[in-house]
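Input: a single structure, listed below in structure tokens.
The values are calculated or read from the model by the stated rules, or taken from the named source; none is laboratory data. Given the structure is predicted, the values throughout are model-derived calculations rather than measurements. Don't worry about glycine lacking a Cβ; one is built from the backbone with ideal geometry, like all the others, and counts go over all protein chains shown.
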Amino acid sequence: MARIVILTGAGISAESGIRTFRASDGLWEEHRIEDVATPEGFARNPALVHRFYNERRAAAAAAEPNAAHRALARLEAAGAHQVLIVTQNVDDLHERAGSQNLIHMHGTLNRALCAACGHRWPAPSEMCKTQSCPACGKPATRPDIVWFGEMPYRMEEIWTALRAADLFVSIGTSGNVYPAAGFVADAMHAGVPTLELNLEPSQGTRMFDAARHGPATQVVPAWVD
Ligand code: BV8
């Protein structure tokens, strides 16, 4: 049984209608990263940040998993390989496609986090800072999202799985954001074969052993099936 670690980014959800970050219509274009995806931005203007994530939570709820999400769920369900998906995405399309062995390294839109006590709970569709934490009662509600300058979730677990993998596959990510962008180098140094499935060559494309470029709904099922 091969152990396959799959990193996914915004590109796998693009054909579900969820906007990516750095394409010409990229999400960040309307908002400066500094304003909405940093703890400082949240401290400066929590209402703007909650509005940014409320919009994305609504967009994700209105979206459907696509053939790429479903192909990865099929790969895991087939049971021939041990599949771990590490996603940078904060939408729940992998879960809704049926994937179970999944790590949201950058958090998820569907969970709220108390900035005062660290309690997490299912996010309401519309969030605002004055909502009080169900555990400590303080009005310190933030999205359970990993912002720039914050430590992504479950990194030790991810690095351990990556180094023990038989194959590392990167799908739909530009390779701009670390530590995820460094996974291909980590895999390479551990002697793990690497494959890039992306619309176009990513920042780190030269480090991959192999690459297939095209829309995820075509290249991912073609690879899985
Ligand atoms: C940390 C949550 C340390 C928010 C996100 C200089 C050098 C190296 C690193 C740094 C540096 N300066 C600062 C850093 C660190 C920083 C970083 O990497 N900055 C970058 C910009 C240089 N990283 C961090 O801060 C990270 N934390 O380093 O902590 C630390 C250590 C100890 C203690 C404490 C802290 C935290 C990073 C996480 C930030 N949060 N997301 C949110 O979602 O709102 S990042 C954000 O970018 C999203 O998660 C997104 O997923 C991620 C990466 O973007 P992509 O997914 O790749 O999306 P993108 O639009 O870029 O690309 C889409 C790709 O899909 C393209 O390639 C396109 O071709 C392709 N595509 C499009 N359509 C399709 C397609 N492919 C297939 N089919 C299609 N149809």
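Are any residues in the range 162-185 surrounded by fewer than 19 Cβ atoms within 10 Å (Cβ to Cβ) and more than 16 Å from Met105 (Cα to Cα), and if so, which ones?
Passing the criteria: Arg163, Ala164, Asp166, Leu167, Ala185.
Based on this model, can you work out whether Ala187 counts as more than 26 Å from His213 (Cα to Cα), touching a strand residue (DSSP E or B) at 6+ places or on another chain (Cβ under 8 Å) and among the aliphatic types (A, V, I, L, M)?
No; evaluated as a whole, the condition is false for this residue.
Could you pull out every one of the helices (runs of 4 or more DSSP H) wholly within the range 33-88 that has 3 or more residues that are surrounded by 15 or more Cβ atoms within 10 Å (Cβ to Cβ), away from the ligand (no atom under 11 Å from the Cβ) and in contact (Cβ under 8 Å) with a residue 24 or more places away in the chain?
Counting at least 3 such residues, we get 46-62, 67-78.
Which ones in the range 107-166 are among the acidic types (Asp, Glu) and away from the ligand (no atom under 13 Å from the Cβ)?
Across the range 107-166, the qualifying residues are Glu126, Glu157, Asp166.
Can you confirm whether the range 149-156 contains a residue that is among the aliphatic types (A, V, I, L, M) and at pLDDT 95 or above?
The answer is yes, given that some residue of the range 149-156 is among the aliphatic types (A, V, I, L, M) and at pLDDT 95 or above.
Collect the residues in the range 151-161 that are among the aliphatic types (A, V, I, L, M) and surrounded by 17 or more Cβ atoms within 10 Å (Cβ to Cβ), keeping them in residue-number order.
Of everything in the range 151-161, those that are among the aliphatic types (A, V, I, L, M) and surrounded by 17 or more Cβ atoms within 10 Å (Cβ to Cβ) turn out to be Ile158, Ala161.
Determine, yes or no, whether Glu95 is charged (D, E, K, R) and modelled with pLDDT under 95.
no
Which residues, counting only those in the range 8-32, are modelled with pLDDT of 95 or more and within 9 Å of the ligand (Cβ to nearest atom)?
Thr8, Gly9, Ala10, Gly11, Ile12, Ser13, Ala14, Glu15
For residues that are crowded, with 18+ Cβ neighbours inside 10 Å and out of contact with any strand residue (DSSP E or B) (no Cβ under 7 Å at 6 or more places or on another chain), tally how many sit in the range 89-108.
2
In this structure, is Ala112 closer than 22 Å to Leu162 by Cα and either surrounded by 16 or more Cβ atoms within 10 Å (Cβ to Cβ) or assigned by TED's automatic domain parsing to the domain that holds Thr8 (or both)?
no
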